[in-house]
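I have placed the structure first, in the form of structure tokens, so that the comments after it can refer back to it.
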Amino acid sequence: MTDKADPRLLFDIFKEIGIIEQLSRALLEVRLPSGLIAPHFAVLNHLINRGDGAVPIEMARAFQVPKTTMTHTLKGLVAHGLIDLRANADDGRSKRVWLTPKGRQMRDDVIAAMAPEFSKLTAGFDVDMLTDIKPTLIALRQYLDDARNG
């Protein structure tokens, strides 16, 4: 029987999640346009999931990166025409982030370009196992997100 209080168990689980993140990042980044990396793509996903109009400082908090890092990431996306930065009507000082049609299309194109890798996965791995653990992974992410903010 496994001791649930054993820190090695949780360490091993998070280690495996980290390795999966590294492997999946490598699969993603070879499909991104030149000059873009996974954090750029993550911002596009964030805007798709959250909706347009995010404030960069709030995005930095969500990604747990310094504001300067988020500013650099956003500048790269602006340079590629994938997002627009518009004045924040609420305070007149900050900006809000909006996806461009090109940004939405690039995200969709990258996901479509990953189809061969996803096909290999479904052919060689029991995807039902992933379906079964998805609710657990979502609950873990929500718990960690709440604990970070609380």
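Each reported figure results from applying straightforward, stated rules to the coordinates on display, with no laboratory input. Just so we're clear, the structure is a prediction, and the values are computed from it rather than from any experiment. Cβ atoms come from the backbone with ideal geometry, glycine included; neighbour counts cover every protein chain shown.
Some observations on this one:
- Helical mean residue ellipticity (222 nm; -39500 (n - 2.57) per DSSP H run of 4+; nearest 500) of the chain: -22500 deg cm²/dmol
- Per residue, the convex hull volume that the Cα atoms of the chain enclose (Å³): 147
- Cα-centred dipole magnitude for segment 104-150, charges only on beta-carbon of K, R (+1) and D, E (-1), debye, nearest 20: 180
- Computed extension gain for Tyr143 through Asp91, at 0.36 nm per residue and net of the alpha carbon distance, reaches 15.5 nm.
- Separation of alpha-carbon centers, segment 13-59 and segment 75-114, rounded to whole Å: 14
- Lys/Arg +1, Asp/Glu -1 at C-beta; the chain dipole; positive extreme among Gln22, Met106, Pro56: Pro56
- About the centre of its Cα atoms, the chain shows a dipole size close to 680 debye [charges on the beta carbon of Lys, Arg (+1) and Asp, Glu (-1) only; nearest 20 debye].
- Unit charges at the beta carbon, dipole of segment 1-114: most positive-side option, Ala79, Thr69, Leu9: Ala79
- Dipole of the chain computed with +1 at Lys/Arg Cβ and -1 at Asp/Glu Cβ about the Cα centre; of Val127, Leu144, Asn88, farthest Cα towards the positive end is Asn88.
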